[in-house]
1. Only four residue types carry charge here, +1 at the Cβ of Lys and Arg and -1 at the Cβ of Asp and Glu. Report the dipole size of region 62-139 about the Cα centre in Debye, rounded to the nearest 20.
2. Rank PHE65, ALA90, TYR11 by how far each Cα sits towards the positive end of the charge dipole of region 1-152 (+1 on Lys, Arg Cβ; -1 on Asp, Glu Cβ) and give me just the farthest.
3. With n ≥ 4 as the cut-off for DSSP H runs, can you work out [θ] at 222 nm for the chain, using -39500 (n - 2.57) per run divided by the number of residues, rounded to the nearest 500?
4. How large is the direction-averaged shadow of the alpha-carbon convex hull of the chain, in nm²?
5. Distance between Cα centroids, region 143-174 to region 33-109: provide it in whole Å.
6. What ranking of LYS85, LYS56, LYS92 emerges when the number of other C-beta atoms within 10 Å of each C-beta is taken as an exposure proxy, fewest first?
7. For a quick check: with amide H placed at 1.01 Å from N, whose amide H comes under 5 Å from ILE153's, ignoring anything fewer than 5 positions away on the same chain?
8. Report, in listed order, any pair from LYS20/LYS74; LYS56/LYS85; LYS85/LYS159 with a Cα-Cα distance greater than 28 Å.
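Just so it is clear, none of the values below were taken in a lab; they were calculated from the coordinates. Because the structure is a prediction, the values reported are computed rather than measured. Here Cβ is always computed from backbone atoms with ideal geometry, including for glycine, and neighbour counts include all displayed protein chains.
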Amino acid sequence: MHPNQERLASYIRTIPDFPKPGIMFRDITTLLKDRNALAEATQVLYERYREERIDKIACIESRGFILGAALALKLDCGFVPIRKKGKLPAEKLQQEYSLEYGTDAIEIHMDAISAGERILIHDDLLATGGTVGAACKLVETLGGTIVGLSFLIELSFLKGRTSLGSYDVFSLIEYDAE
């Protein structure tokens, strides 16, 4: 977490009972539409990773693409989309992960990452860790070295960080309760 998390958190809108009853949805569009908040969030991530010699940022669909692409430009590195099943056109690698009821899958192009490349994985939100855990498996299967996992928001009460082993996890804003 970052020292400015309270100020950045003030830009996040909470929508009760979305997408289903009992869920407090953390809407990042209110942060994204404010150029100063967007610039600050991007800058904080840049400062955190600028010395890491990152080759590519692998970002998880779809909201992870927004800050991930901006950060890739600032870090002067490549951008790799990790998408939901069936969205990538070329030869791809797929990884399933568990949901509350059932499974889903994400995919990455087979030629997206070369062996030994230093990869930062970014997404907008860390909840249970299932999606980002699957992304880690994809990156490592392709031979990438994971430098870290970055998030705009972490729902720490869901304990997703504990499922991510020894990866370096960084989040800008933390919510410790629903």
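1. Values: 9 positive and 10 negative charges, 23 e Å.
Dipole about the Cα centre, nearest 20: 100 debye.
2. TYR11
3. So the calculated ellipticity at 222 nm is -8000 deg cm²/dmol.
4. Values: hull surface 39.9 nm².
If you wrap the Cα atoms of the chain in a convex hull and average its projections, you get 10.0 nm².
5. The distance from the Cα centre of region 143-174 to that of region 33-109 comes to 13 Å.
6. On the way: LYS85 13, LYS56 22, LYS92 18.
So the ranking, lowest neighbour count to highest, is LYS85, LYS92, LYS56.
7. So ILE153 has HN proximity to LEU125, LEU126, LEU172, ILE173.
8. Values: LYS20/LYS74 37 Å; LYS56/LYS85 21 Å; LYS85/LYS159 26 Å.
Over 28 Å Cα-Cα: LYS20/LYS74.
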